[in-house]
Each structure stands twice: as structure tokens, then as C-alpha cells.
Amino acid sequence: MKFKLKIWQLISALWLLIILLQFNRLIELAVLWIKYFLLCFNDFGVAISLLDFKLLDSLLALIFFIVIPLLLISYRRRIKFLNYKLNFSNGVIIILLITFLMAPIITSENPDFQKNLSVTKHLTPLSKVKVLHLKIEDNYESTLLNKFLIYKREIIREVFDESIIYADSMGEMAPDKIIYYQKNIMKELPVEKLIENNGIPLITTKTFLLGTDEFGRNIFTRLVYSLRISLLVGTGAVLISFLLGITMGFIAGYKGGLIDTVFNRFAELFLAFPVIYLVVLILALFSSSLIAVVIVLGISGWMSLFKIVRGEVASLKQKDYIQTAKLLGIKTNRILFKEILPVIIAPVIVNLIFQFSNVILAESALSYLGLGAGDSYPSWGAMIQSGQEYITKAWWMIIFPGGCLVVTLFTANYFGRRINKFFNPRLDK
């Protein structure tokens, strides 16, 4: 009898892997939140004012990490999806979701962090550098607030950190100074400026798992946060497309007449015009931002869903049970949600899954053209665009984001086909 992994087993394995690799990071985040809750009890108003997105993001990631094993223990037998056999498609989906939810745990770096460009520029995958940890004098009163701010600065990294120095290698250590090399240039640093661990200057080794880019930024960290942007844009745009498509499709199919004609011609106008040109034009005129990209991609993708919903509703409204519901005086929105939507939900779900992959591809294309979410957020498309300039000497800059994009699109389309076959078993015949 062959043993086949199930989805809940993959989730458990990933959870244990995070503990194994990022145990110190979990402890750091837990201590950060203990300090924050103590600050809440001491001065609630100040604590609320300090609650920014990065701090909240780390809290949610820690909560998800704690909740996942509890859900597996409580609902593993009740939720059928968790007991499905593991395959490539659902395995990638689980990895993407866990990475999305636990990005602050998986990587502790800021995706835009850069330091000592001469040392970190274009490092190959698995490259290692020496890290010198400097003493930072904090001339603050020893209050609960200041202790929290100092600890937060250490745990939630910014784009620049003055407390460390990267070096290619270390030279001989003298009693009063440290000798290190940056791009074969020898430099010296007084020992008293370094943090000491048991009387020995603290010098650690850092490994860049997937290498660095032209600005010395960690490729792995940027891939993790680029995934979040792609999934956020995809989910937001699909939600907008869903609301527009199902609302306009229901109105056109249910009312008919002039309204149906106007909506149908409007959708055909959008379908006839290359949508990517319209999206580029709007973003070029009104500037690009994360919210703008989500809205524009959502507005430009509702037509196919509109056609599906309109056709289904126009056919269903002639059915006897719909006519009976109208004669009984049941409200239109109740007919939609109780009678029509459950019938058309299968083609709607399939359409939305394929639309999701199209949106991710469109967002990457816009980022490649410089019209994506902007410089504030990393993106697979922007990483591919910057990597093409160095493809001969820094292949990892384009291979890794390109591979992530291809795998995500393949998984979304494969999952869409599986869902379509589930709702339409005759497709296998």
C-alpha cells in the first residue's frame, strides 16, 4: 500500500520547518508583543498611536502561526480539503498562502534594505558575508516606551541599519582594533565600537540564500514580499470584477430590453478594445499606486463574467420557480442570492480563478513597464525588468522572480481546470 501525503500533513511539515529555521525570530516577535501589551496597560493612547502597519503585520503573522496547529487539531477531520491527497497544484497553493500570511516570520529583513553596496552587490546564491555589530548609544531615559521603541527598531527592520557593517572577510584581530576587508580594501575599526559577547567582539556570518540584486537587496526577501503584492492585487481586482460583473450581468439578464442592450454593447466595447492599452493609459495619466492598480485591473476584467452571468440569468428567469417567486412578491435581491446565484456559482468560480491568474500576469507586466505598484513595494515584474540588464552576470535576478511567476500562473490555471472538471464531470469523458 503506497503512502500518499495529505494537505494537512504538508501544513504541519511547513509549520515545524518554520519553528526549526526561525525559532529565534518567533521568540523575538513574541517578546515584542509582550512589550507592546505592557505599554498598552501603561499608556493606551500612546500604544495605539504606535500601532503601524508593520507592527500589526507582525502580530497577525504570529497569531496565524499559533492558530494553524489549533485549527489542524480541531478541524482536520471536519474540513475535507485538509484530507485531500497532496499534488503539485494544491501543494503550491498551500506554500503561497503560508508565505503570504507569515512573511514577517519567514524573513526578518526589510525588502528594500541595502548596506555596503561594494560588498553586497550582485552576490550569488548562498553567498556569505561577515557582519560586524556596532554599539549604538541611545541617550534616552529608561522608560517602558523607550525600551519598546528600541526593541521594535531592532526587530522590525528599516531600509537602513547603522548598527551593522558588512565585510567580505576579516583580517588579523589586534587587541585594540578589528581589521576587515570590503572589496579588497582594508579597513580598521576600534574594538570598543563593537558589541561584545563574553568579552569577544560580536562578528557573525550572514547567508544570502538566493543572492542579491544591483543594490545589494536580498532576493529571497523581495520574492516573499512580491508574492504578497501579487496576491493582494489579484484578490482585490478579482473582487471588483466579481461585484461589477455579477451586478451588471444580473441587471442586464433579469431586466432585458434597453438596459440589456446598453450593458451588452458597453461590455463589447471593452472587449473590442485592447484592455492593456487602456490600463497603461489610465495609470500613465493618473500616476500608479497599489490602490490604483487594483482598481484599474478590476474595472478592466469584468466583461467575461458579465457575459456568463447575463446569459445564465436570461435563461433562468424563464424557469417556473423564478416566475413563481416573482408572483409571490419576493424581492429581486432575494431572488438573486437565494435562487439564481447558487445555480450559476460554478461557472462564476471558474471564471474568477482564471481571472485571478490574468490579473497577476497583468500586474507583473505593468510593473515591468514601470507602471505597477510603485517603488514602495517590490514586484516580480519590476524584479524581472531590473534583472534583464544583468542577465549575463547575475542570472539569479531574473530566474527566481520569473520562476515564481510561472509556477504561480501554472498553479492558478491548473487549479481552475480542476475546479471546472469538478463542476462539469462530463469534461473528462
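The values are calculated or read from the model by the stated rules, or taken from the named source; none is laboratory data. Model, not experiment: these values are computed from the prediction. No Cβ is skipped: glycine too gets one built from the backbone with ideal geometry, and neighbour counts run over all protein chains shown.
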Any residue at all in segment 314-328 that's modelled with pLDDT of 80 or more, within 17 Å of LYS255 (Cβ to Cβ) and not acidic (Asp, Glu)? yes
Residue list for segment 370-393, filter: modelled with pLDDT under 80 and surrounded by 24 or more Cβ atoms within 10 Å (Cβ to Cβ): GLY372, ALA373
In segment 308-316, is there at least one residue being of a type in the set (S, T, N, Q), in a helix (DSSP H, G or I) and closer than 30 Å to VAL407 by Cβ? no
Step by step: first the residues of segment 6-53, then only those that are in contact (Cβ under 8 Å) with a residue 24 or more places away in the chain and polar (S, T, N, Q), then the one that is farthest from PHE65 (Cα to Cα). Which residue is that? ASN42
For VAL67, only one of the following conditions fails: (1) more than 21 Å from ILE156 (Cβ to Cβ); (2) within 23 Å of the chain's Cα centre (by Cα); (3) touching a residue at least 24 places away in the same chain (Cβ under 8 Å). What is its number? (3)
Would a scan of segment 107-129 turn up a residue that is surrounded by fewer than 18 Cβ atoms within 10 Å (Cβ to Cβ) and in a strand (DSSP E or B)? yes
Residues that are within 20 Å of ILE219 (Cβ to Cβ) and assigned to a helix (DSSP H, G or I), drawn from segment 339-378: ILE360, GLU363, SER364, SER367, TYR368
Residue satisfying condition, being in the same structural domain as TYR181 (by TED's automatic domain parsing), modelled with pLDDT of 85 or more and of a type outside the set (Phe, Trp, Tyr), within set VAL131, VAL119: VAL131
Residue ID - farthest from PHE208 (Cα to Cα), chosen from residues in segment 140-181 that are part of a strand (DSSP E or B) and in contact with a Pro (Cβ under 7 Å, 6 or more places away or on another chain): LYS177
Positions within segment 278-307 being more than 29 Å from GLY253 (Cα to Cα), assigned to a helix (DSSP H, G or I) and either among the β-branched types (Val, Ile, Thr) or in contact (Cβ under 8 Å) with a residue 60 or more places away in the chain (or both), in sequence order: VAL280, ILE282, LEU283, ALA284, LEU290, ILE291, VAL293
Out of (1) more than 30 Å from ARG417 (Cα to Cα); (2) crowded, with 16+ Cβ neighbours inside 10 Å; (3) not hydroxyl-bearing (Ser, Thr, Tyr), the one ARG153 does not meet is (2)
Residue pairs meeting the criteria (Cβ under 7 Å; at least 6 apart or on separate chains; first within 20 Å of ARG310 (Cβ to Cβ), in segment 227-246; second outside any helix (DSSP H, G or I)): SER241/GLY301; SER241/TRP302; LEU244/TRP302; GLY245/TRP302
Condition broken by GLY329, with the remaining ones in (1) without any contact (Cβ under 8 Å) to a residue 60 or more places away in the chain; (2) part of a loop (DSSP other than H, G, I, E, B); (3) at negative phi satisfied: (3)
One residue from GLY253, GLY216 being in contact (Cβ under 8 Å) with a residue 60 or more places away in the chain, touching a helix residue (DSSP H, G or I) at 6+ places or on another chain (Cβ under 8 Å) and either basic (Lys, Arg) or not in a helix (DSSP H, G or I) (or both): GLY216
Can you spot a residue in segment 379-388 that is assigned to a helix (DSSP H, G or I), among the β-branched types (Val, Ile, Thr) and touching a residue at least 40 places away in the same chain (Cβ under 8 Å)? no
Does ASP161 meet the test of being surrounded by 12 or more Cβ atoms within 10 Å (Cβ to Cβ), modelled with pLDDT of 85 or more and not hydroxyl-bearing (Ser, Thr, Tyr)? no
